[in-house]
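Below is one structure; the comments refer to it alone.
The values are calculated or read from the model by the stated rules, or taken from the named source; none is laboratory data. Values in this document were obtained by computation on a predicted structure and should not be read as measured data. Cβ coordinates were reconstructed from backbone atoms using ideal geometry, including for glycine residues, and neighbour counts include every protein chain displayed. These accessible areas exclude ligands, DNA and RNA; they are computed on the full protein's heavy atoms, side chains included. Shrake-Rupley method; radii C 1.70, N 1.55, O 1.52, S 1.80 Å.
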Amino acid sequence: MVDITSNKWKEECGVFGVFSRTEDVSMLTYLGLYALQHRGQESAGIAVTDGAWMDVTRDMGLVNEVFRHQLPHMENQYIAIGHVRYSTTGSSLLSNTQPLIANYSGGKISLAHNGNLTNAAELRRYLEEKGTIFQTSIDTEVIVNLIARSRKSSIEEKIIESVQQVKGAFCLAIMTENKLIAVRDPQGFRPLCIGKTEEGSWIISSESCGLDVVGAEFIRDVEPGEMIVMGDDGLKSYKYTTPEKKAACVFEYIYFARPDSVIDGQSVHAARFMMGRMLARESKFKGDIVISVPDSGNTAATGFAYESGIPFCEGLIKNRYIGRTFIQPTQKKRDTAVRLKLNAIAEAVRGKSVIMVDDSIVRGTTSGKIVKMLRKAGAKEVHMCISSPPIGYPCYYGIDTSVRKELIAATKSAEEIRQFIGADSLHFLSLEGLKASMTTANPEDMCYACFNNAYPIEMSKETVTGADKYVFEQRAK
C-alpha cells in the first residue's frame, strides 16, 4: 500500500520489553511503545506473563487506540514485551500483528521482531516441507517455528541455534515464562539497547528514547551478534556468532530514529545537525530564509542555517492531528491529502528566496507538490537541499521501500529530478558528506546499500526478485 501523502520510506517496527518484580510491566511497556510509535503506526501489541501463563493484547491501530480501554493484566505479571508495526513482510492484517505467542514442548514463548529476514522464503519452504503449519504471512513466525523445532535442551541454546540459521536484519524481544531475552543480528542493521530503572527493572528498547520515557538509565547497546538474557539472576550475555562487519542502517540517523535517541554511541540529533552543516558547505546555496519539511527535516535545516548564517524560519506547518494517512482515488483528492498534512506560511515565504531542507526524496511526487505549494504562497525561488544521497536501490533489511523502478533516482539524474519537482535548484548530500556527519560513530560500520548498491549480506533470489512485503501471500496464490 502506497501512502500518497508521503514521500518517505516507511519506518520498520519497534520492540520494547520489561523484566520487573517491583513495577507494573504492562504500564512500562505501554509507555515505551508510545515513545516508539514513530517506528510503526499500523498495529500495536503487548504480551505479559506471570510465570505460568501468557496473555497478549494486540490490534490494528496506534498505541492509544489499541489500549484505549485497558492494558493486558494478570496477577503477579512480571515480564512484558511490546511491539509497534509497520508491515515490511506480510500484509497489514490483524493476524500479522505482534507479539506472537506459541506453545511448544519446552513451554510457552512470545516474540516480537524488528527487521526483515532475507532468507525467510527459503526457511519457510523448508519448514512447510517438514509439516509446519503457518498462521501468519510474516517472517517473524519463521523464527518462532525454528525455536520450537530445536532439539537443544535450554531456551538459550534453542534461540542461538535458530538465529544462526536466519539471515538479514533482526532485533528480537523474546519472553519465556521466566526470562526476557534480547537478540541483535550479526551486522547490527537495526538498533536495540538495554536500560535499568532505579527500582531495578530491566528494560530493552529499539531506541534509547524508550528508556527515557520510563525513567530508565541507559546501560548499553546490544552488540551485533549478541543475545542478552535477563532474569532473577541478573543479566547474562552470549555471543552467538563470530564477529562480522557491522552494517548499521544509516537511515536510522537520517530519518527513522527520533532525534533524542542515541544509537551505537551516536547522537541522532548531532548527526542530523552535521548533515545540515555539510549541505550548506557543499551546496553553497544563497537565499533569504532556510525552512524545513517537518518534522524529519527540522534538525538538518537548523544545521544548514547555523553553517550558512541564513536565518531559519518556519515556512511549512504540519498538521499533527491528522492521524494515520489515507488513500484517495482521484488526483484532486490526493492533492487535498497533501495539503491536509502540510501547508505553507505565506507571510513567511512571500517574496523570499527559500532554501528548503528535507531528509530524502523517494518518488518525488510529494516534493513536487510542496514546491508548487510554496510558489503559490508567493515564494520567489525554491532551492531544495536533501540531507542524504539519491536513493537508487531498494532496501531488503526492514524498510518498506519501493521496487527500484519506483525510486526516482534509479532512472533520473539530479538535474532531471530538479526539473520533475520544479525547484530552482537541487542538491543531494554526497556520500562522503554523509559519512563525515557521523560525529562519534564509525561511518564504516554502516550500510549504504540504498545509495551505492553495496549490499552487506547475500540475499536469496526470491528476496531480490520478489522484494515486497506480500511475498508469502503471493506464494500462497
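Give me the accessible area per residue for the chain, probe 1.4 Å, as a whole number in Å². Walk me through the numbers before you get to the answer.
Working: 19130 Å² over 477 residues.
Value returned for the chain: 40 Å² of accessible area per residue.
Could you please put 22, 197 in sequence from largest to smallest accessible area, using a 1.4 Å probe?
22, 197
Against the longest alpha carbon principal axis of the chain, how many degrees, from 0 to 90 and to the nearest 10, is the axis of helix 331-341 turned?
80
By how many nm would the segment from residue 153 to residue 244 grow when fully extended, if each residue of separation counts as 0.36 nm and the alpha-carbon distance is taken off?
Values: separation 91, 0.36 × 91 = 32.76 nm, distance 2.72 nm.
Between residue 153 and residue 244, full extension yields an extra 30.0 nm.
Over the chain, with every protein chain in place, what whole percent of the accessible area is carbon and sulfur at 1.4 Å, could you tell me?
50
Give me the mean projected area, in nm² to one decimal, of the convex hull enclosing the Cα positions of the stretch 165-214.
Working: hull surface 17.0 nm².
Projected area, direction-averaged: 4.3 nm².
Can you tell me the mean projection area, over all orientations, of the convex hull of the chain's alpha carbons? Units nm², please.
On the way: hull surface 87.5 nm².
About 21.9 nm², averaged over all directions.
In deg cm²/dmol, rounded to 500, what helix-only [θ] at 222 nm does the chain give when every DSSP H run of at least 4 residues adds -39500 (n - 2.57) and the total is split over its residues?
That comes out to -7500 deg cm²/dmol.
Residue 306 to residue 431: FRET efficiency via 1/(1 + (r/R0)^6), r the Cβ-Cβ distance, R0 22 Å, to the nearest 0.05? Walk me through the intermediate numbers first.
On the way: r = 22 Å, r/R0 = 1.02.
Step by step, r from the Cβ atoms, then E = 0.45.
If you take the beta carbon distance between residue 340 and residue 135 as r and set R0 to 45 Å, what does 1/(1 + (r/R0)^6) give as a FRET efficiency, to the nearest 0.05? Present the calculation step by step, with values, prior to reporting the outcome.
On the way: r = 37 Å, r/R0 = 0.82.
The calculated FRET efficiency here is 0.75.
Nothing charged except the Cβ atoms of Lys and Arg (+1) and of Asp and Glu (-1): what's the magnitude of the dipole of the stretch 75-145 about its Cα centre? Round to the nearest 20 debye.
Numbers: 5 positive and 6 negative charges, 5 e Å.
Charge dipole, the stretch 75-145, about its Cα centre: 20 debye, nearest 20.
Grab the beta carbon distance between residue 95 and residue 286, set R0 = 60 Å, and tell me the FRET efficiency rounded to 0.05.
0.65
Express the Stokes-Einstein translational diffusion coefficient of the stretch 59-192 in µm² s⁻¹, to the nearest whole number, given a Kirkwood radius over alpha-carbon pairs, 4 °C and a viscosity of 1.567 mPa s. Before the final figure, lay out each step's value.
Numbers: Rh = 15.6 Å.
Calculated translational D: 83 µm²/s.
Set Lys and Arg Cβ to +1 and Asp and Glu Cβ to -1, take the dipole of the chain about its Cα centre, and tell me which of 455, 385, 174 lies farthest positive.
Checking the options against the dipole of the chain, the answer is 385.
If one computes the Cα centroid of the stretch 161-239 and of the stretch 350-425, what distance in Å separates the two points?
Result: 37 Å between the Cα centres.
Give me a comma-separated list of calculated 3J(HN,Hα) values for the stretch 246-260, in order, Karplus coefficients 6.51, -1.76, 1.60 applied at θ = phi - 60°, integers in Hz, x for any Gly or Pro.
3J(HN,Hα) across the stretch 246-260, in whole Hz: 5, 8, 5, 5, 5, 6, 4, 7, 6, 8, 5, 6, 6, x, 8.
Using the alpha-carbon atoms, what tilt in degrees (0 to 90, nearest 10) does helix 120-129 show relative to the longest principal axis of the chain?
Tilt relative to the chain: about 30 degrees.
Cα extents of the stretch 242-311 along the three principal axes, largest first, in whole Å?
Answer, in whole Å and largest first: 53, 22, 16 Å.
With charges only on Cβ, +1 for K and R and -1 for D and E, what is the dipole size of the chain about its Cα centre, in debye, rounded to 20?
Dipole of the chain, to the nearest 20 debye: 1820 debye.
Can you tell me the length gained on complete extension of the stretch residue 220 to residue 458, counting 0.36 nm per residue apart and subtracting the Cα distance?
Contour length minus the Cα-Cα distance gives 82.8 nm.
For the chain, give the share of DSSP beta bridges that are antiparallel, in percent and rounded to the nearest 5; count only bridges with both residues there.
Beta bridges within the chain, antiparallel portion: roughly 80 percent.
Output needed: percent of Cα pairs per 5 Å distance bin for the stretch 118-264, bins running from 0 to the one holding the longest distance.
2, 9, 18, 20, 19, 16, 10, 5, 1, 0
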